[in-house]
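The values are calculated or read from the model by the stated rules, or taken from the named source; none is laboratory data. Please read all numbers here as calculations on a predicted model, not as lab measurements. Virtual Cβ from ideal backbone geometry, glycine too; neighbours counted across all protein chains shown.
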Amino acid sequence: MRNRRRRLTNKWSRRGTATARGSFATLGRRNSWGRSVRFAQFLLLVALTVRPALADTGFLDRSLAVRGGTFRYQVYVPAEFTSRKSWPIIVWLHANGSQGDDALLPTVGALADQIRRHRSSFPAIVLFPQAKTGTRWAYPEMEDLVMSALDRTVKEFRGDPAKVYLAGHSMGGNGAYRIAFRWPERFAALLVVSGSVTGAGSWTSEDVAVDRQTHAFMTAPDPFAALVARIGRLPIWMFHGDADETVPVDQSRRMVAALRLAGSNVRYTEFPGGDHNGAPGQAFDGLETLPWLLSQRR
């Protein structure tokens, strides 16, 4: 009887040991599975944290801290943007009437509307600075702010220094000539729409004085030839409507003549019956305009 009890005791003891071992094994598997789940959750959290930065595209608000305030501007970033490659950068200078400090008016009309209608046709970063109220792009402080915003944009969005383009309409075309005059080495090409070389009738005496003090070609006997002597190496495409009542078409015709005389790489498109405000749309609706611009390298 005692032997039988001893055998039963040993039997249940072995069963208990086996059950305990099984429990520990199951617990170990559960712990391992739990760690795997937590690790997967961690990877998912990292992915969710990183992805929004990659999707930060479209028209983006940016600003520079400057003495006495803030300089706001916008940058268009294509949906397919990646920091794994360098990108061409177009600097677009708005026309008169879009001055301010909200950075929004330069993205209404002109080039911005063309981008919205044909996003796939703009595989480039586009910088939209805004001149302050009461100023023009001919003011040196505005030109300096444009260049500071350009430097920031090149750094932030991995811009290609060899593919930086300067473009503008009306006052912006006037500004493009002047910024290129001061920094011709920074740009691969210019695109000027309805731009004036010698200013416009709406300029005040202060505007003229600042312009002449900042840009030496304005005091030359022939401002067109003096400007070409400085920027003539740059490929330039100019557009102008022959019915423009704001900036006389003769401004572009004289500039084209000076460029051709110097043997520069210049294209000129004149729109028969074209007015002032419609010129940017006509310029960028052309199938060759943007491919030509982006094919230029410094």
- Of the listed residues (216, 225, 258), the one being loosely packed, with under 15 Cβ neighbours inside 10 Å and at pLDDT 95 or above is 216
- Name every residue in the range 132-155 that is assigned to a helix (DSSP H, G or I) and in contact (Cβ under 8 Å) with a residue 24 or more places away in the chain, in order of residue number. 140, 142, 143, 145, 146, 147, 148, 149, 150, 152, 153, 154
- For the range 182-198, how many residues meet the condition of being in contact with a Ser or Thr (Cβ under 9 Å, 6 or more places away or on another chain), on the phi < 0 side of the Ramachandran plot and not in a strand (DSSP E or B)? 4
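Each row is one residue, and each column tells you yes or no for (1) part of a loop (DSSP other than H, G, I, E, B); (2) over 14 Å from the mean Cα position of the chain (by Cα).
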residue: 64; (1), (2): no, yes
residue: 76; (1), (2): no, no
residue: 81; (1), (2): yes, no
residue: 106; (1), (2): no, no
residue: 130; (1), (2): yes, no
- Item | Neighbours by Cβ (under 9 Å, 6+ apart or cross-chain): first from the range 280-298, surrounded by 11 or more Cβ atoms within 10 Å (Cβ to Cβ); second basic (Lys, Arg) and part of a helix (DSSP H, G or I) | 298/186
- Among the listed residues 102, 61, which satisfies the condition of being exposed (fewer than 15 other Cβ atoms within 10 Å of the Cβ) and either at pLDDT 95 or above or closer than 23 Å to residue 182 by Cβ (or both)? 61
- Message: Please verify whether residue 116 is exposed (fewer than 14 other Cβ atoms within 10 Å of the Cβ) and either at pLDDT 95 or above or not small (Gly, Ala, Ser) (or both), treating the condition exactly as stated.
- Response: yes
